[in-house]
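The values are calculated or read from the model by the stated rules, or taken from the named source; none is laboratory data. Please read all numbers here as calculations on a predicted model, not as lab measurements. No Cβ is skipped: glycine too gets one built from the backbone with ideal geometry, and neighbour counts run over all protein chains shown.
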Amino acid sequence: MSNVKNRHPIPPEIRRACLMLGLKAEDVTAEAVMRTWEQKLLADEHAEETDVNMAWFMNAAKDALVIWLDATK
């Protein structure tokens, strides 16, 4: 279970980071962030055209979520 639910308000930038990775903000965990981030990067890696901007945004979303989750423990 998430350490977020009912304990900390979820900032808008964290909600956006969750949307970028396709996660639900109320149920996000560090494990889910890392797993989803890796899956999305691998999927993009196999695409014909790699969008560097998309990879940058996914990395930034992952970093923001991991830092926020660590701070809300």
Exercise. Residues being without any contact (Cβ under 8 Å) to a residue 40 or more places away in the chain, surrounded by 13 or more Cβ atoms within 10 Å (Cβ to Cβ) and assigned to a helix (DSSP H, G or I): count how many of those fall in the stretch 8-33.
Key: 4
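Every residue, every condition in (1) at pLDDT 95 or above; (2) surrounded by 13 or more Cβ atoms within 10 Å (Cβ to Cβ), yes or no:
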residue	(1), (2)
R35	yes, yes
L41	no, yes
D51	no, no
A61	yes, yes
A71	no, no
